[in-house]
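The values are calculated or read from the model by the stated rules, or taken from the named source; none is laboratory data. What you see is a predicted model; the values in this text were computed from it and never measured. Reconstructed Cβ throughout: ideal geometry from the backbone, glycine too, with neighbour counts over all protein chains shown. Ligands, DNA and RNA are excluded from the accessible area calculation, which covers all protein heavy atoms including side chains. Shrake-Rupley method; radii C 1.70, N 1.55, O 1.52, S 1.80 Å.
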Amino acid sequence: MKKVLFVVVFSPSLFFSQDIIKKVDGSIVESKILEVSNTEVKYKKFSNLSGPVFILEKNEISEVKYENGEIEKLRKTNDEKNEAYSIKEKNNLESLFVKGNKVFLVKSDDANDDALKYFKDALEGWGYWNIVEDESEADFVIVFSLHKKGMALRGAKVILKTKLGKQFKESKSYTGNATAFNGYNGSRAAANKVVDNFLKKEFK
């Protein structure tokens, strides 16, 4: 009688259930998580458990579903954030501009980097909002414009809008003159006037 030998090849995936990592951009990573710290997650791809170790910062992760079914929520996905922001914009627009909120500054084409810095300095001196360098972290946006009105005169204005582009308030153009009081800098004078004569009066 002939003997038949069966060879069974076991895949590593038969021994492990997968962990599911959902990133803030909505993409899914099927993985085997090795280590979770306060700031990052180390894992291997479930399709290649003998392969390299990958690292994701926790701020890149929306949630983790572990192999035992437990779900750890870390933050909302970008789509969830945008949906919540859109609802807030529609139902409670003014709440995006309250004291202590985060603002992202943008200059128009007619303003240079120095002019934007003068405006930023004036805002920081006031201290009403927190200025952020990443628009995704902001509650709203201020567009700062500056134009030349004469040899030593500069005109500045601002538009406050949501991150989705809905305009909330717009100032008139405030003229700044280069004098000894502002270091003979008309751009700084105009930026200060926008803050002192418009923003401080509109937001108290």
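In this structure, the pairs whose alpha-carbon distance is over 27 Å, taken from Lys102/Lys169; Lys65/Lys99; Lys76/Lys99; Lys157/Lys204, are Lys65/Lys99. Among beta bridges identified by DSSP and lying wholly in the chain, the antiparallel ones come to about 85 percent.
Spacing of the modelled spin labels on Asp25 and Val53, each 7 Å from Cα toward Cβ, amounts to 2.4 nm.
Quick check: net charge around Arg188, other residues with Cβ under 11 Å of its Cβ, Lys/Arg +1 and Asp/Glu -1? Numbers along the way, then the final one.
Numbers: positive: Lys117, Arg154, Lys193; negative: Asp114, Asp121.
Residues near Arg188 contribute +1 overall.
What is the sum of charges, Lys and Arg at +1 and Asp and Glu at -1, for the other residues whose Cβ falls under 14 Å from the Cβ of Asn78? Walk me through the numbers on the way to the answer.
Values: positive: Lys22, Lys23, Arg75, Lys76, Lys81, Lys163; negative: Asp25, Glu60, Glu63, Asp79, Glu80, Glu83, Asp134, Glu135, Glu137.
The answer is -3.
Note: relative contact order over segment 90-156, using C-alpha pairs below 8 Å and six or more positions apart, is 42 percent. For the residues Ser86, Ser37, Ser108, a GNM of the chain with alpha-carbon springs under 10 Å puts the largest fluctuation on Ser37.
Filter Lys81/Lys117; Lys45/Lys163; Lys117/Lys200 down to the pairs with a C-alpha to C-alpha distance above 25 Å, please.
Details: Lys81/Lys117 29 Å; Lys45/Lys163 36 Å; Lys117/Lys200 18 Å.
The pairs that break the limit, which is 25 Å between Cα atoms, are Lys81/Lys117; Lys45/Lys163.
Counting only heavy atoms of the protein chains and using a 1.4 Å probe, Ile20 has close to 40 Å² of accessible surface.
Can you list the residues of segment 145-166 with backbone N under 17 Å from a point 7 Å past the Cα of Ser86, pointing along Cα to Cβ? So the set is 162-166. Only one item in (i) 1.00; (ii) 0.96; (iii) 1.28 matches Rg/Rh (Cα atoms, Kirkwood Rh) derived from the coordinates shown, and that item is (iii). So for segment 24-94, averaging the separation of alpha carbon pairs under 8 Å that are six or more residues apart and normalising by length, what relative contact order in percent results? It rounds to 25 percent for segment 24-94.
How far, in degrees from 0 to 90, does helix 78-91 lean away from the longest principal axis of the Cα atoms of the chain, to the nearest 10? It works out to around 40 degrees.
Comparing Phe104, Phe144, Phe54 in a Gaussian network model of the chain where C-alpha atoms under 10 Å apart are linked, the largest mean-square fluctuation is found at Phe54.
For the chain, the longest principal axis of the Cα atoms and the long axis of helix 113-126 meet at an angle of about 90 degrees.
Between Gly100, Gly176, Gly186, the Gaussian network model of the chain with springs among Cα atoms under 10 angstrom shows the greatest mean-square fluctuation at Gly100. Surface composition of segment 47-123: carbon plus sulfur atoms contribute 45% of the solvent-accessible area (1.4 Å probe, protein chains only, all chains present).
Between beta-carbons, use under 12 Å as the cut-off and find the net charge around Lys200, counting Lys and Arg +1, Asp and Glu -1.
Working: positive: Lys99, Lys193, Lys201, Lys204; negative: Asp196, Glu202.
Around Lys200, the surrounding residues sum to +2.
The residues of the chain expose, per residue, 63 Å² of accessible area to a 1.4 Å probe.
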